[in-house]
Amino acid sequence: MSKGPFLLWIGALTLIMATPWQGWAEKPFEWVPAQPEAVGISSEKLRALSAELAKRQTKAFLVVRHDKLIWEWYSPDHGPDKKHYTASLAKAIVGGMALAIALDDGYLRLDDPVSRYVPQWRTDPRKSKITIRHLGSHTSGLDDSRPNEEAPWKDAFWRRELPPRDPFTIARDVTPLLFDPGERFQYSNPGIAMLTYAVAAAMRNAPNNNIRDLLRDRIYRPIGLKDDEWSIGYGQTFHVDGLPLIAAWGGANFTARATARIGRLVLHRGRWEGRQIISENSIAAVCQSAGLPGDCGMGWWTNAGKRFSFLPVDAVWGAGAGDQILLVIPSLDLVVVRYGGDLGPQAPSQENVGRYLFQPLMQVITPEDPAQSGTAGPYPPSPVIKSLSWAAANEVVRVARGSDNWPITWGDDDRLYTAYGDGWGFEPGVARKLSLGLAVVTGFPPRITGQNIRAPTLEQYGDGAKGKKASGLLMVDGTLYALVRNAGNSQLAYSRDHGATWTWAPWKFTTSFGCPTFLNFGPNYAGARDGYVYIYSPDADDAYSAADQMVLARVPKGSILEPSAYEYFVRLDSDQKPVWSRNVADRGPVFQHPGHCWRSGITYNPALKRYMWFHVYSKQTRGDGAPVAGGCGVYDAPEPWGPWTTAFHTEEWDMDPGESGCFPAKWMDQTGKNMWLVFSGEDSFSVRRVDITVHKSGDGPK
């Protein structure tokens with residue numbers, strides 16, 4: 001008979017409280033038990049999932065949400081104090097975490113060539129090109145070695161004999177390279193061996209470069225792991241080239257609770273009970289997609305490429321043979337551990353994990369869960385913004401009825417310049433309906449005045465996709481720029497006389513950037529971060545397809561009209577610095593929310609020092625064409641490229657969000673806590689006040 005989860009909670013709590021914590025932290029963390037419904041999970045569905053997993057060779061199954069232990073089940077021959085082999089899950093919780101320490105201490109960077117630390121590769125024309133990033137993400141080109149394979153070197157790798165027949169020497173000197181580094185994904189155990197080799201070599205002159213000791217002292221003990229709850233590296237240390245080398249591709253054993261604690265550390269971005277154990281940047285460098293084929297992190301799997309369509313894009317996990325799993329989903333505040341045997345026969349392991357564990361897990365979250373709207377989203381909660389409070393529906397200002405779009409920028413004359421689409425603009429309106437018309441707005445909500453500006457060289461005709469429309473406006477050094485969609489894919493126009501006359505750029509965006517918009521700062525671009533102009537867009541060729549990700553370009557503000565001056569965001573490096581490329585084909589996601597990346601507006605809030613991004617997820621209508629409430633989100637970040645966090649998210653706002661929206665910088669108060677959203681709900685220039693509550697110092701998400 002299987003043990004019931006609730007009975008285990010009581011025993012677990014008693015055990016932890018009765019055990020001294022050996023002084024590794026001032027305030028020992030304890031799992032707090034709770035009923036699943038208290039954190040938005042169905043007990044009935046979770047119980048059914050646990051029963052199904054029990055039939056599929058599961059030994060341990062833990063679910064933690066909002067720091068509450070809501071489910072803990074063990075098979076009769078297992079228990080909370082019993083270690084279980086983790087197989088290749090060690091790549092994440094041993095190899096990845098050891099790399100995080102080395103990154104944190106500045107001993108190496110992800111884009112360092114491995115040959116800097118492994119001199120034997122310096123003269124090899126191909127292996128000399130392998131980086132730390134390649135090794136951790138299984139894109140180095142090094143062949144794999146699996147147990148019981150026929151090739152002599154592969155069999156020898158797993159026998160773990162003394163040098164020179166040890167697995168590290170084999171990985172370094174014998175393992176062949178199948179393709180050039182970074183060319184494609186190829187799972188590689190020898191690649192992870194070389195990752196830990198490089199970490200130890202980079203830390204050769206450190207006080208201690210034995211990763212078993214480092215992990216114990218820097219991570220495991222500080223987060224409350226007792227020494228008898230874990231073991232790593234098959235219990236061996238190989239001495240190669242004067243280095244103490246520990247296996248991180250497998251050979252580890254952890255209790256389920258110990259593994260869950262590591263998941264909690266990742267969930268909280270390296271922070272543990274008020275103490276930053278590992279920096280947020282180092283955790284992100286290890287756990288986010290490396291931006292290479294396969295979308296892996298460093299020993300971790302990520303859902304950045306939507307490997308599983310039903311999982312949030314921020315999901316990360318470690319996985320080992322027999323379907324040993326540690327799953328962490330920051331946007332759902334969820335940690336899950338599963339130990340046991342193969343979940344299913346024949347099918348690839350990842351397919352079984354998705355079918356029998358990940359997808360059913362997503363189904364146990366109840367629709368009424370508060371985390372499903374308001375603050376949950378594709379990214380973790382904001383560390384700065386605690387909540388947003390929207391003004392009541394009857395307080396929304398609506399003018400220029402029958403017109404939509406409304407990108408907006410703050411001019412050098414203190415007026416707000418905006419553009420409307422498929423309408424007549426501000427009252428009394430133009431005589432003929434425009435696809436693209438220009439206007440200015442003065443005053444401060446709720447007392448505002450709009451005035452149309454006739455600009456024959458900018459104005460366009462044609463409804464919907466048949467007419468060009470402005471998707472972004474920006475004034476820089478007295479010049480007004482418009483990004484115009486429905487122009488195959490999009491096009492720039494500019495005016496040097498405050499919108500009276502316009503000139504169209506002789507080139508267009510032809511790859512992606514189908515609905516681009518500018519990042520806005522203060523009047524006439526005052527207070528800008530640097531000398532660049534930033535442009536965001538859904539990664540689509542038109543403005544009507546909801547994309548899986550947003551992309552970002554930048555250009556010196558004096559070269560906006562020069563296509564060769566544009567650079568495209570690729571990814572963040574190990575120091576969380578942006579990597580740029582002149583080639584648009586190299587572009588990577590600056591923001592991901594599969595199926596939700598549509599039209600948006602981004603503005604800097606100088607008081608909060610946060611970039612505020614308003615997303616409209618989709619335009620929803622009833623059968624008669626009337627708009628209904630749709631989804632939207634507000635995301636914030638300390639830099640134009642992130643890392644993005646969730647300030648507000650809902651799949652169904654309390655009113656029609658329209659097709660686009662933004663927070664004009666002019667209408668932010670001095671505290672940054674009171675803003676006004678301009679959006680196109682009900683095909684109007686709609687203005688809604690939003691009040692921000694910020695976290696008090698130290699009480700934000702951990």
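Here, each number is a calculation from the coordinates, and none is a lab measurement. Just so you know, these numbers come straight off a predicted model, no measurement behind them. So basically every Cβ, Gly included, is an ideal-geometry build from the backbone, and we count neighbours across all protein chains shown.
Counting pairs of alpha carbon atoms under 8 Å apart in space and at least six apart in sequence, what relative contact order in percent does the range 385-694 give?
It rounds to 18 percent for the range 385-694.
Based on the alpha carbon coordinates of the chain, what radius of gyration and maximum Cα-Cα distance (Dmax) apply, in Å?
So, for the chain, Rg and Dmax equal 27.3, 87 Å respectively.
For the range 431-488, treating each Cα as an identical point scatterer without solvent, what Debye log10 I(q)/I(0) comes out at q = 0.29 1/Å?
One equal scatterer on each Cα of the range 431-488 leads to -1.21.
How many angstrom lie between the Cα centre of the range 83-101 and the Cα centre of the range 458-474?
Going from one Cα centre to the other spans 53 Å.
With an 8 Å cut-off on Cα pairs and a minimum separation of 6 or more residues, tell me the relative contact order of the range 533-601 in percent.
Details: 137 pairs, mean separation 24.6, N = 69.
Worked out over the range 533-601, it gives 36 percent.
What per residue convex hull volume, in Å³, do the alpha-carbon atoms of the range 25-148 yield?
Hull volume over Cα atoms, normalised by residue count, gives 198 Å³.
What number, in percent, do you get for the relative contact order of the chain if the mean sequence gap of Cα pairs under 8 Å and at least 6 apart is divided by its residue count?
Reported as a whole number, the value is 11 percent.
Could you rank the peptides 219-225, 658-664 by their average count of other C-beta atoms within 10 Å per residue, with the highest value first?
658-664, 219-225
Each residue of the range 384-392 in order: what ³J(HN,Hα) in whole Hz does its phi give by Karplus 6.51 cos²θ - 1.76 cosθ + 1.60, θ = phi - 60°, with x for Gly and Pro?
10, 9, 7, 6, 10, 10, 8, 5, 5
Quickly rank 323-329, 477-483 as a protection proxy: mean count of other C-beta atoms within 10 Å, highest first.
Highest-to-lowest ranking by the protection proxy: 323-329, 477-483.
How far apart, in nm, are the 7 Å Cα→Cβ label points at Asp573 and Glu161?
Label-label distance for Asp573 and Glu161, simple model: 4.2 nm.
Using a Förster distance of 51 Å, how high is the FRET efficiency between Asp241 and Ser545, based on the Cβ-Cβ distance and rounded to 0.05?
Numbers: r = 53 Å, r/R0 = 1.04.
Given R0 = 51 Å and the Cβ-Cβ separation, E is 0.45.
For the range 385-694, count all C-alpha to C-alpha pairs, find those more than 36 Å apart, and express that count as a whole percent of the total.
Across the range 385-694, Cα pairs with separations above 36 Å total 8 percent.
Of the listed peptides 567-573, 227-233, what is their order by residue-averaged count of other C-beta atoms within 10 Å, with the highest listed first?
Descending mean neighbour count gives 567-573, 227-233.
When the C-alpha atoms of the range 368-515 are aligned to their principal axes, what extent does each axis show, in angstrom, from largest down?
50, 40, 33
Which value in nm describes the separation of the simple spin-label points at Glu652 and Ala393, placed 7 Å from the Cα toward the beta carbon?
Result for the modelled spin labels: 1.3 nm.
Can you run phi through the Karplus equation (6.51, -1.76, 1.60; θ = phi - 60°) for the range 423-436 and list ³J(HN,Hα) in whole Hz, with x for Gly and Pro?
x, 10, x, 6, 4, x, x, 6, 6, 10, 4, 10, 7, 9
Kindly write out, for the range 264-280 in residue order, the coupling ³J(HN,Hα) from the Karplus curve 6.51 cos²θ - 1.76 cosθ + 1.60 (θ = phi - 60°), rounded to whole Hz, with x marking Gly and Pro.
Per-residue couplings from phi come out as 5, 4, 5, 4, 8, 6, x, 9, 9, 6, x, 10, 7, 5, 10, 5, 4 Hz.
To the nearest 20 debye, what is the magnitude of the charge dipole of the range 109-268 about its Cα centre, counting +1 on the Cβ of each Lys and Arg and -1 on the Cβ of each Asp and Glu? It would help to have the intermediate numbers written out before the result.
Working: 23 positive and 19 negative charges, 105 e Å.
It works out to roughly 500 debye.
How long is the gain from Arg496 to Ala151 if the chain were fully straight, where each residue apart is worth 0.36 nm and the alpha carbon distance is subtracted?
Values: separation 345, 0.36 × 345 = 124.20 nm, distance 7.02 nm.
My answer for the length gained is 117.2 nm.
Using the 10 angstrom Cβ neighbour count as an exposure proxy, how do His498, His66, His268 rank, fewest first?
Listed from fewest to most nearby Cβ atoms, that is His66, His498, His268.
Starting from the amide H of Asp412, placed 1.01 Å from N in the peptide plane, find each other amide H under 5 Å away whose residue is 5 or more places distant or on another chain.
Long-range HN contacts for Asp412: Asn524.
So for the range 24-127, taking the charge dipole from beta-carbon charges (+1 Lys/Arg, -1 Asp/Glu), which of His66, Ala98, Ala34 sits furthest toward the positive end?
Ala98
Taking the Cα atoms only, what angle lies between the long axis of helix 189-202 and the longest principal axis of the chain, rounded to 10 degrees?
90
How large is the dipole of the chain about the Cα centre if only Lys and Arg carry +1 and Asp and Glu carry -1, each at its Cβ, rounded to the nearest 20 debye? Please list the in-between numbers first.
Numbers: 74 positive and 74 negative charges, 107 e Å.
Value, rounded to 20: 520 debye.
Could you work out how far helix 5-18 tilts from the main Cα principal axis of the chain, as a 0 to 90 degree angle to the nearest 10?
It is inclined by approximately 70 degrees.
Measuring from the lowest to the highest alpha carbon on each principal axis, how far does the range 559-603 reach, largest first, in angstroms?
Cα extents, longest axis first: 31, 29, 24 Å.
Would you list which lysines come within 24 Å of Lys466, measuring only between C-alpha atoms, while excluding same-chain residues fewer than 8 positions from it?
Reachable lysines: Lys433, Lys508, Lys619.
On average, how much area does the Cα convex hull of the range 492-604 cover when viewed from any direction, in nm²?
Spelled out: convex hull of the Cα atoms, projected over all directions, averaged, 7.9 nm².
Each label point is 7 Å from the Cα along the Cα-to-Cβ direction; what then is the distance between the points at Asp144 and Leu178, in nm?
0.7
Based on the Cα coordinates of the range 101-202, what is the per residue volume of their convex hull in Å³? Display every interim value, and only then the final one.
Numbers: hull volume 9.6 nm³, N = 102.
With only Cα atoms used, the range 101-202 gives 94 Å³ per residue.
Need the full-extension length gain, Gln57 to Arg401, defined as separation in residues times 0.36 nm minus the C-alpha distance. One decimal, nm.
Full-extension gain reported as 117.7 nm.
I'd like the projected area of the range 241-342, averaged over all directions, using the convex hull of its alpha carbons. Report it in nm² with one decimal.
Over all viewing directions, the range 241-342 projects a mean Cα-hull area of 8.3 nm².
Among DSSP beta bridges whose residues both lie in the chain, state the antiparallel percentage, nearest 5.
Percent antiparallel among DSSP bridges in the chain is about 95.
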